[in-house]
Each structure stands twice: as structure tokens, then as C-alpha cells.
1. Any chance you could get the radius of gyration and Dmax over the Cα atoms of the chain, in Å?
2. So, in nm, how far is label LEU177 from label VAL43 when the simple model puts each one 7 Å beyond its Cα toward the Cβ?
3. Take the eigenvalues of the Cα gyration tensor for region 90-176, scale each by 5, and report the square roots as semi-axes in whole Å, largest first.
4. FRET efficiency for ARG19 and ALA191, Cβ-Cβ distance as r, R0 = 35 Å, nearest 0.05?
5. Place +1 on the Cβ of every Lys and Arg and -1 on the Cβ of every Asp and Glu in the chain, take the dipole about the Cα centre, and give the residue among LEU50, GLY174, VAL249 whose Cα lies farthest towards its positive end.
6. What part of the accessible area of the chain, given as a whole %, is carbon or sulfur when the probe is 1.4 angstrom?
7. Quote the charge dipole size of the chain about the Cα centre in Debye, to the nearest 20; the model charges only the Cβ of Lys and Arg (+1) and of Asp and Glu (-1).
8. Cα atoms only: what Rg and Dmax, in Å, come out for region 33-191?
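The values are calculated or read from the model by the stated rules, or taken from the named source; none is laboratory data. Predicted model, so just to flag it, every value in this text is computed and none were measured. FYI the Cβ positions are ideal-geometry reconstructions off the backbone, even for glycines, and counts take in every protein chain you see. Only protein heavy atoms, including side chains, enter the accessible area calculation; ligands, DNA and RNA are left aside. Shrake-Rupley method; radii C 1.70, N 1.55, O 1.52, S 1.80 Å.
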Amino acid sequence: MVTSIELFADLIRQVAGERAQVTALVPASADPHTYEPVPSKLVDVSKADLVLINGVGLEETLMAVIKNNVRGGVPIIEMSAGLPVLEAGSPGTGNPHLWLNVRNAMHYVEVARDALIQVDPEGEAEYRANAQAYLAELEDLDRQVEQSIASIPAERRKLVTSHDGFPYLAQRYGLELVGVVIRSPGQEPSAGDVADLTRTIEDQNVPALFEEPQFNARVLELAAKDAGVEVCTLYSDAFGDGVDSYVKVMQFDASELVRCLGGSPTSH
């Protein structure tokens, strides 16, 4: 089966176990909003018995490839279906990064479990057992993230990020999203955007700025230098060195938020 990004492939593998091979179309460190898959990935789509995607526009550049190469009758299932969607930076569009609320990621796991059972009924008992164990792990993770971020003083729980990837994390865990460098994928910030960002940092007394490894951080670094604050790292839809699973993404983000915004570290 295929999915769009490695983060989803990791979620699905926790349910699939050894019964299914899961392939991501986008490399672990690439930006899924703009990435165009290489020809070898077209073969993966053509062989797949199941396609699991996020939806809400995340796979906009991939959908033509998927629909043009998937075999007839193979299900294409959106894991975000049924969840409330927040508006993105561009009016009238939904923000696709729902999985950064761990409770939403648990919904994805349930959708993946049911989809795998649909295409491989003989594996139902294994899929259900794997999903149950992983959902328990994610419940603990949700609690860890909540407790970590709650340790940050309320007036310091302010997020300025490189792209509009964190509203679900902010909503679930009590952060205030006060600034974003790139509102829409593929767009470069204007001089006015940079000036607005610098003003926001100063007006809001923002303690730190957060870049993502797959995006150019030049604007953030310039604004941070002007304001005299640190640039830290968060992950949303790509992996990085030593951050190669969904659980590690959320644990890293929680730890980095605590470190850079001034909370109390908790052990995992």
C-alpha cells in the first residue's frame, strides 16, 4: 500500500505490522506541499492495494499521480475525514496538519486499521491488536505533550513559525500562534511580511522563533537577529536526524517548545 509522507507510513506500519508493505511517495525530509514524485514511485502506486492520504489539500501535487496510476477499484481513503478542520492562511482553504494534535493522529490510526481490514480481512485480529497497543501508546504521548507544554508560563506560550503547520498543536495544547512566515506553500515572504513579523515579535514579546528543516529559515533568522531572540526547530510533516517516527516528532516538538519558551522538562 502507499501513503503520501513518511510520518503517515510510520503510523500505518504500527497497525500493519508484517502483513503489509507501506511505501511513502514523499521522501522523509521533503516538503509534501510542493514535492513531485519520481517515476519509480509511480510503479508503487500501480501495485498498491490501498492508498491512504491525509486529504484537506496536503497531497495536491500528488493526486494526479495517484489517480492516473492506481488500479481500478483500489480504495483511496482520506484519514482526516470526519475531523473538524481549521482554516488555513489562505481564506477558504483548510489547514491539513491535523495530526499534530495527537488525538487526531489516533483517529488516523483507527481509519488505517479499518482500511487494512477492508482490503485484508484475514488480518483483522492482528490489525486490531496492533492498533489497540499503538493507541494506548498515543494516549500516553498526548498526556506527555500536554503536561510538558502546560509547564511553560502562559504568557510565554507564543508561537512564531516558518509555515502555517501548527494551529492544531496550538489549539490542543494551549499555545497562541502569533506569527507565520510562509502562509501558503511555495510562496516567498514579501518585505512587508518580514516587517510585520519583526513587529509582531517585538509587540508580543515572543521568546523564540521556530523553523522547520525543510524550509528556508533566512527570514526567521533575520527577524530573530533584529529582535535578539533564539531560532529553534519544530517538525510538522517531515523527519530529520534522529526524529524518524510520529512519536519522536511529537516528543521532540514538546521538548523544544519547553526548552525555548521556558518550561520544565519531563521525562518520556
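1. 18.9, 60
2. Placing both labels 7 Å along Cα→Cβ, they lie 3.9 nm apart.
3. 31, 18, 6
4. Plugging the Cβ-Cβ distance into 1/(1 + (r/R0)^6) gives 0.05.
5. It is LEU50.
6. That share works out to 46 percent.
7. It works out to roughly 100 debye.
8. That works out to 18.2, 58 Å for Rg and Dmax.
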